[in-house]
Amino acid sequence: MATEAEQVEQFLQAIEKFHPTIPESVTEYHLRKSGFHTTDPRAVKTVSLAAQKFMADIAHDALQYCKARSQKKDRLVLTMQDLQ
């Protein structure tokens with residue numbers, strides 16, 4: 001079993017190859033605007049990954065809600081009601 005330090009190192013190596021949906025420049029802009037300044041690109045990628053996961057979870061939950069309330073199964077239309 002890998003130690004915690006080894007797991008962190010494996011994670012950091014894995015995110016080097018990862019290209020987030022949200023551009024890193026956008027993440028950096030919002031981090032700086034909120035007062036977080038860093039020169040470590042791994043920190044920015046980690047925040048981008050967390051933001052992408054957050055958005056994917058919201059979209060997935062909205063889709064599940066849309067499927068549950070939809071009477072037609074052939075075409076789903078995502079509405080603002082699904083996101084609330």
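For region 11-38, a tally of residues being at pLDDT 90 or above, surrounded by fewer than 11 Cβ atoms within 10 Å (Cβ to Cβ) and more than 30 Å from T79 (Cα to Cα) returns 4.
Could you please let me know if A62 is in a helix (DSSP H, G or I) and either open to solvent by 70 Å² or more (accessible area, probe 1.4 Å) or touching a helix residue (DSSP H, G or I) at 6+ places or on another chain (Cβ under 8 Å) (or both)?
yes
Here A68 fits the description: modelled with pLDDT under 85 and part of a helix (DSSP H, G or I).
Examine region 72-84 for a residue that is of a type in the set (A, V, I, L, M), in a helix (DSSP H, G or I) and loosely packed, with under 12 Cβ neighbours inside 10 Å, and state whether such a residue exists. Please lay out each step first, then the result.
Initial filter on region 72-84 (of a type in the set (A, V, I, L, M)): 76-78, 80, 83.
Then keep just the ones that are in a helix (DSSP H, G or I); that gives 80, 83.
Those still in the list that are loosely packed, with under 12 Cβ neighbours inside 10 Å too: 80.
Scanning region 72-84, I find at least one residue that is of a type in the set (A, V, I, L, M), in a helix (DSSP H, G or I) and loosely packed, with under 12 Cβ neighbours inside 10 Å, so the answer is yes.
For region 42-59, the set of residues classified as open to solvent by 80 Å² or more (accessible area, probe 1.4 Å) and of a type outside the set (A, V, I, L, M) consists of R42, K53, F54, listed by residue number.
The values are calculated or read from the model by the stated rules, or taken from the named source; none is laboratory data. Since this is a predicted model, take the numbers as computed values, not measurements. Don't worry about glycine lacking a Cβ; one is built from the backbone with ideal geometry, like all the others, and counts go over all protein chains shown. Note: accessible area is taken over every heavy atom of the protein model, side chains too, but ligands, DNA and RNA are not part of it. Shrake-Rupley method; radii C 1.70, N 1.55, O 1.52, S 1.80 Å.
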